[in-house]
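**Student:** The structure is given below, and queries will be raised subsequently.
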Amino acid sequence: MKTIVLSHNTLDGLLPPSIFNLTSLENLILEGNKFSGALPSEIQNMKEMKALYLRNISCTGPIPPTIGNLSKLMLLDLSYNNLSGPIPSTIGNLANLQHLKLASNTLSGPIPSTFGNLSNLFTLDLSWNKLNGVLPSNIGNLSSLTSLHVTSNKLNGKLPSSIGNLSNLMSLQLTSNKLHGELSSSICNITTLQILILSDNSLSKTIPRCFGNMDKSLVILHLNGNQFSGPIPTFSKGCSLTSINLSGNKLQGELPESLINCKSLLGIDVGNNRIHGEFPYWMEALPQIRVLILRSNKFDGNISLTSSGPDLPFHDLQVLDISHNAFAGALPIKNFKAMINMTDKSYTLETYAFTRYVRMRITLKGQDQLLQRLLDAFTMIDLSSNKFSGSIAQSIGNLKYLKYLNLSHNNLIGNIPSSLANMSELESLDLSSNNLDGVIPSELTRLTFLTKLNLSMNNLVGLIPRSNQFSTFENDSYVGNLGLCGVPLTRKCKSGPKEELEDEEEEEDGYFIDGFGWKSVVMGYGCGLIVGIGTGCCVFRYGKPRWLVEFFSSVGYDKKRKRRNRATPTQRRS
């Protein structure tokens, strides 16, 4: 027997020790079970082993150093377990190893420098562990390596320039580490590189200009969450990029118009930088773009998007976020076809890669969130915190598949269009901090998927609708509209066609605060007057109680003295 396959069963308990006495076994596949305990040192007995596939079997403890004795091993996959401790340096003895996957454990310590001996290695995945130290410089010796993934660890130091020697590398992913220094231009020597993700590190200085020469091979370029400064590189004709994420840096200058050379571009995120200039209207020429994020930069000027003719601009656009800039003029909401008709999209390898690797920092339902995967059904427009003016056109209701709409913190005027009720998929609507007036259209109660509503800080008037989803919204959805009335606000509405406001103290049933009506007050006043007169007569007739008599006498004396002091000498003598 050369192969044992027992994957995805309900096997549990300790790994049976007898299995490691099968010295002629070549392939052991136990993925997806629930074994417990550590890998035994007897694993070294399996001298003929070529593929050891123990992925996701709940093993704990360290990796036994004796695993380095399996000289014929070509594939070692121990990922998605609970393995801890350092990676044994003896793994560097496995000269025939082609695939090494130790991802999603709690392994710690440095990456062994002996990995530089694995000259036949194609795949190295050490992601989601607690590895620290630097990326060994002799990693450049792995001339056969096609993918190097060390995402979500604690690596520090600089990216070694020797990485440019990896002439067959196709995917380099080092996201969420502590790498710093200048990104060496030697990386541009890797002409086979298709996926480059160095997000969430502390890399600084400028992005090497030579990246513009790599765009014929690069498909994914994500350098977001670093400290890069300076301009964005230019891109040449024949650019193959489908996803560009440069957000969360200190990039300056204008968005290069050479991006129109990237005809396969599906998404670009340059949010949270210092980029200036007008809206890149020339991006209408990108036929497949789905995500455009320019938020939190220094863009300004009016936006003019043409929408005539059969070929609508931004045909497939699903996410438009240009919030927190200085854009002005009328709202640039046009007939984005992907938000009007939910059509099936063609899928290619590039499309799959884009939807898998997309990482967008956006604001959803008032909360800053990280979107890590783009679904076909996800649609969003965020134009908040700009200088847009004018009214909201009724044509906005055509975007019936839009899920998130934020137009807050602008200078919009006029009524809320009733056509918003046609956007039946809408889950979040924010129109706060504008100058909108008129009533809240009752048609909006048809938005049964609406879970977040913010109409605060406007000039809205009249009765707040209370049916369907609107019965779930609290005061904070409406504050700052002095003309609104009705539940959930404390201001009540008068009956009648104008639904005028009425203070709570003047309700039609004649009740004041705490339930005291005017009749009760009048009765109490009358009774008190009679009792007071009777008591006063008794006091001054009989002189009791003495303290009360003395009190009124002193009050009267003080009043006479004050009047006398204010009088002139002539008046006092008289």
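**Student:** How many nm separate the modelled label positions at Lys250 and Ser236, each set 7 Å beyond the Cα in the direction of the Cβ?
**Tutor:** Inter-label distance under the simple model: 3.1 nm.
**Student:** Show the residues, 5+ positions off or on another chain, whose built amide H is closer than 5 Å to the amide H of Gly277.
**Tutor:** Result for Gly277 returns Asp300.
**Student:** For Ser258 and Asp476, calculate 0.36 nm times their separation in residues minus their Cα-Cα distance, and state this gained length in nm to one decimal. Before the final figure, lay out the partial values.
**Tutor:** Working: separation 218, 0.36 × 218 = 78.48 nm, distance 4.51 nm.
Result for the pair: 74.0 nm of gain on full extension.
**Student:** Taking amide H atoms as placed 1.01 Å from N in the peptide plane, list the residues 5 or more away in sequence, or in a different chain, whose amide H sits under 5 Å from that of Leu203.
**Tutor:** Gln227
**Student:** Can you compute 3J(HN,Hα) from phi for each residue in region 120-127, using the Karplus curve 6.51 cos²θ - 1.76 cosθ + 1.60 with θ = phi - 60°, rounded to whole Hz and x for Gly and Pro?
**Tutor:** The phi angles translate into 9, 6, 9, 10, 10, 10, 10, 5 Hz.
**Student:** Right, something else. What do you get for Rg/Rh of region 1-109 when both radii come from the Cα atoms and Rh is the Kirkwood radius? Write out the running numbers ahead of the final one.
**Tutor:** Values: Rg = 12.6 Å, Rh = 13.7 Å.
Value, to two decimals: 0.92.
**Student:** Can you work out the FRET efficiency for the pair Asn468 and Trp282, with r the C-beta to C-beta distance and R0 = 35 Å, to the nearest 0.05? Working shown, then result.
**Tutor:** Numbers: r = 43 Å, r/R0 = 1.23.
Using R0 = 35 Å, I get an efficiency of 0.25.
**Student:** Where does each of Val439, Val487, Val291 land when they are ranked from fewest to most other beta-carbon atoms within 10 angstrom? Don't jump to the answer; show the numbers that get you there.
**Tutor:** On the way: Val439 17, Val487 14, Val291 26.
By the 10 Å Cβ count, ascending, the order reads Val487, Val439, Val291.
**Student:** Give a residue-ordered list of calculated ³J(HN,Hα) values for region 242-249 (Karplus: 6.51 cos²θ - 1.76 cosθ + 1.60, θ = phi - 60°; whole Hz; x for Gly, Pro).
**Tutor:** 10, 9, 10, 10, 10, 5, x, 10
**Student:** Looking at the square roots a ≥ b ≥ c of the eigenvalues of the Cα gyration tensor of region 139-281, which shape do they give, rounded for a/c under 1.5, prolate if a/b is larger than b/c, or oblate? The partial results should precede the final answer.
**Tutor:** Working: a/c = 1.96, a/b = 1.32, b/c = 1.48.
Cα axes put region 139-281 in the oblate bin.
**Student:** For region 368-471, just say rounded, prolate or oblate: build the C-alpha gyration tensor, square-root its eigenvalues into a ≥ b ≥ c, call rounded for a/c under 1.5, and beyond that prolate if a/b exceeds b/c, oblate if not.
**Tutor:** In terms of gyration-tensor shape, oblate.
**Student:** Using θ = phi - 60° and the Karplus curve 6.51 cos²θ - 1.76 cosθ + 1.60, what whole-Hz ³J(HN,Hα) does each residue of region 457-462 get, with Gly and Pro shown as x?
**Tutor:** Going residue by residue, I get 6, 9, 10, 6, 9, x Hz, with x marking Gly and Pro.
**Student:** Now, a different point. Taking neighbour Cβ counts within 10 Å as the exposure measure, how do Arg295, Arg290 sort from fewest upward? Show your work: numbers first, answer last.
**Tutor:** On the way: Arg295 24, Arg290 28.
The order, fewest Cβ neighbours first, is Arg295, Arg290.
**Student:** Pairs to check: Lys72/Lys130; Lys250/Lys403; Lys34/Lys101; Lys2/Lys47; Lys205/Lys298. Give those whose C-alpha atoms are more than 23 Å from each other in this structure. Before the final figure, lay out the partial values.
**Tutor:** Details: Lys72/Lys130 29 Å; Lys250/Lys403 31 Å; Lys34/Lys101 19 Å; Lys2/Lys47 12 Å; Lys205/Lys298 20 Å.
Long pairs (Cα-Cα over 23 Å): Lys72/Lys130; Lys250/Lys403.
Since every read-out is calculated from the coordinates, none of them should be taken as a lab result. Predicted model only: the values in this text are computed from it and were never measured. Heads up, the Cβs are rebuilt from the backbone with ideal geometry, glycines too, and the neighbour counts pull from every protein chain shown.
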